[in-house]
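The values are calculated or read from the model by the stated rules, or taken from the named source; none is laboratory data. None of the values given here were measured: they were computed from a predicted structure. Neighbour counts are summed over all protein chains in view; Cβ atoms, including those assigned to glycine, are modelled from backbone coordinates with ideal geometry. Please note that ligands, DNA and RNA were not included when accessible areas were found on the heavy atoms of the full protein model with its side chains. Shrake-Rupley method; radii C 1.70, N 1.55, O 1.52, S 1.80 Å.
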Amino acid sequence: MLSETKLKVLKEISSGFSRDEAIWASGYLAGLAGTSAAVADLPPQQTTHTTAVKKITLVYGTETGNSKKLATELAGVAKKKGIQVKLGDLSQYKPKDLAKEEYFFVVISTQGEGEPPILAKKFYEYIHENELNLSNIKFGVLALGDSTYPQFCKTGEDVDTRFEVLGAERIIPLKRCDIDYEEDAHKWLDHIFEVVQNKEAGTSQATPAKASSGRKKYQGKVSAIINLNDITSDKETYHIEIETEEPIVYRPGDALGVIPYNSKPVVKEIIGLTGIDPKKQIQTARVNASAEELLHQHLNISYLLKTTVAQYAQITGHDIPETRLSLLDLLRIYPVKNAEEFEVVIKALTVQAPRLYSVSSSPEAHGDSEIHITVAKSEFLINDKKQNGLCSGFLSEFEEDGAVEFYIQEAKHFKLPETAKDVIMIGPGTGIAPFRSFLWERDATGAEGRNWLFFGDRSFVSDFLYQSEFQDFLKTGALTNLDLAFSRDTSEKVYVQHRLQQKSSEVFQWLEGGASVYVCGAKEPMSKDVEETLLGIIRHEGKRNEEEAKNYLEELELSGRYAKDVY
Ligand SMILES: Cc1cc2nc3c(=O)[nH]c(=O)nc-3n(C[C@H](O)[C@H](O)[C@H](O)COP(=O)(O)OP(=O)(O)OC[C@H]3O[C@@H](n4cnc5c(N)ncnc54)[C@H](O)[C@@H]3O)c2cc1C
Ligand SMILES: Cc1cc2nc3c(=O)[nH]c(=O)nc-3n(C[C@H](O)[C@H](O)[C@H](O)COP(=O)(O)O)c2cc1C
């Protein structure tokens, strides 16, 4: 600081300075002080006290598109605030570029049973498997998730923790978002602006998980259950109708969420093996109920996560290799010592994850007090013994009048366009479900747009799901085109992507005319093959190179005209 006398002299001398003279003088004084602060190098309008950051990197890891949509929206807002944003998909991100980053923000969802989205897996593994030095990075993570799942926002948490371990500086606390994430995400971005513009470090504590958003639960009764496959088929796909007393709020494209119950005989066997009192009240992390109710209705006992098996090993003292198996098998091979030890095991079990089923009815056509789903009974072998998936087994064994609790999972990315627009629907197997809903809805609302369905399965005779309905739609004109691919009916296997390819020119004309394309069903390999075919059609029919075709499809996706619901 200057003394009052010196400050007075300095003010007198500098009062008549032009802007350039002031800049020169400040540089001169800095030189006298022996610093390298070459103030004269500053751009003309910049003031010396501003430290605003002008560029950030915002990357997203997504499965169903929520993180991408959000990150794109957030990037737009940031740009309006004068911050340059390098927006990127983690599937394309070159991890080596981390060394060049300064401000790095990640929006990422959690999938499966606490896993990263498939396309972000490479990045996730790279940061976890390499001892990187990320001390150049200031970062923040926005985690998308759903608190109904046992591992809420796990991937976001993992990325956040790992960046810190690798030396990056967390400048904004981890934000965990539930299904209603929009408001939280925008607050997170505002917080980034504050922190980044002032270059202030935030606290390093994660924000606590928000309580579950209290999704509406419906109590329903199964009013019809029909196996859509012929008796000669080796598949079972059930059309299930559920009725409720109160109106169900949903739109075509949404999914129905169910938390399956474990089988009573399995629970009985577990109780017998462990000696636990079935009536004993136990408080777990999320539920307080009797041992029997916890095992039957609330906890995952059918296919334990590796982390749960590891915890079981720790509790019981057994040496168990890294594996996944059912609680019953675990107890048979590695028994607990007594009921008290099993009570500790119960507390370590994760809650049962919900399963989603695309709604196959339409509120306009079927009313709001019933809802339909289309469930394929999942089958797999364990030691050559046929087993069924928990929820598909649970649902397909329902009898009429059986009580079922469910909720609606809104599909933000999978919505019908305006009624005048055309739609192309590609849905083999149970992928047909949302398109049955779309067709009934478009028919009931008198939508003028054309509807084109691509459906496929194994055999025409035994696996043509909802055959008579679709043929009726075709007759009435509700369905403009129907293309079928039955893979086992011909010597050479034919799938929906082959039918799409055969209709390339017409498909491209529909796209150019503003049609939306929807894909539903198996993620692997169907949705990948269909996407490759669509890209090929755009290249050949649209005379685009590879890059341009990708951009074309990307634009369709961003504008909501290309949507996938694959699993
Ligand atoms: C948005 C969305 C929409 C969907 N829509 C539909 C739909 O319309 N229709 C439909 O049928 N499905 C749909 N699904 C899939 C559905 O949610 C379930 O994933 C499917 O029914 C399988 O669940 P499950 O409980 O029957 O099988 P799970 O019990 O979860 O088993 C899944 C797999 O895990 C393995 N496994 C399980 N237990 C064991 C064990 N003890 N040992 C070894 N391996 C084991 C097996 O490989 C098995 O196939 C959708 C999924 C999503 C995300
Ligand atoms: C099959 C499936 C599994 C999921 N598993 C989890 C999970 O384990 N933990 C969690 O917090 N959210 C889970 N979710 C919820 C998603 O993270 C959430 O829907 C998110 O908004 C999806 O974002 P995205 O579209 O960017 O992938 C799961 C969703 C689905 C469909």
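What the table below lists for this structure:
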quantity	calculated
0 to 90° range, to nearest 10: angle between helix 467-476 axis and the chain longest Cα axis	70 degrees
Residue-span extension gain [residue 468 to residue 249] - 0.36 nm each, minus C-alpha spacing	76.1 nm
Sites residue 73 and residue 180, calculated FRET efficiency, Cβ-Cβ separation with R0 22 Å, nearest 0.05	0.90
Per-pair calculated FRET efficiency, R0 = 22 Å: residue 297 and residue 401 via Cβ, rounded to 0.05	0.70
Segment 297-341, accessible surface, carbon-and-sulfur percent (1.4 angstrom probe)	50 percent
Accessible solvent surface per residue of segment 255-349, calculated while the other protein chains remain in place, 1.4 angstrom probe, Å²	50 Å²
Residue 100 paired with residue 502, simple spin-label distance in nm, labels 7 Å along Cα-to-beta-carbon	4.8 nm
Acute angle (nearest 10 degrees) that the helix 306-316 long axis makes with the longest principal axis of the chain, alpha-carbon atoms	80 degrees
Amide H contacts of residue 86 (H built 1.01 Å from N, under 5 Å, at least 5 apart or other chain)	56, 57, 58
Lys, Arg +1 and Asp, Glu -1 on Cβ, resulting dipole of the chain about Cα centre, debye, nearest 20	1560 debye
Hydrodynamic radius (Kirkwood) for segment 396-532, which is based on Cα pairs only, to one decimal in Å	16.0 Å
Share antiparallel - DSSP beta bridges, the chain, percent rounded to 5	45 percent
Computed magnitude of the charge dipole of segment 82-146 (debye, nearest 20; Cβ of K, R +1, Cβ of D, E -1)	320 debye
Residues in segment 302-328 reached by a label modelled at residue 338 [backbone nitrogen below 19 Å; 7 Å Cα→Cβ]	315-318
Once the Cα gyration tensor of the chain is diagonalised, semi-axes √(5λ) in Å	51, 35, 21
Per residue, in Å², the accessible surface of segment 354-468 once ligands and nucleic acids are set aside, probe 1.4 Å	40 Å²
Gain upon complete extension [residue 268, residue 280; 0.36 nm per residue less C-alpha separation]	2.9 nm
Accessible carbon and sulfur surface of segment 455-565 relative to its total accessible area, %, 1.4 Å	45 percent
Debye-sum result for segment 257-407 in log10 I(q)/I(0), which assumes one identical scatterer on each alpha carbon, at q = 0.16, 0.17, 0.20 Å⁻¹	-0.93, -1.02, -1.31
Percent of alpha-carbon pairs separated by more than 12 Å within segment 392-441	77 percent
Amide hydrogen neighbours beyond the local backbone of residue 299, cut-off 5 Å, H modeled	352
Separation in nanometres of the label points that stand 7 Å from Cα toward Cβ, at residue 133 and residue 524	3.7 nm
Per residue accessible area of segment 118-200, 1.4 Å probe, in Å²	42 Å²
Angle between the chain longest axis and helix 528-541 axis [Cα atoms, degrees, rounded to 10]	70 degrees
The chain, relative contact order in percent, only Cα pairs under 8 angstrom and at least six apart counted	11 percent
Violating pairs (Cα-Cα greater than 27 angstrom) within the set 217/528; 138/412; 121/175; 280/386; 121/528	217/528; 138/412; 280/386
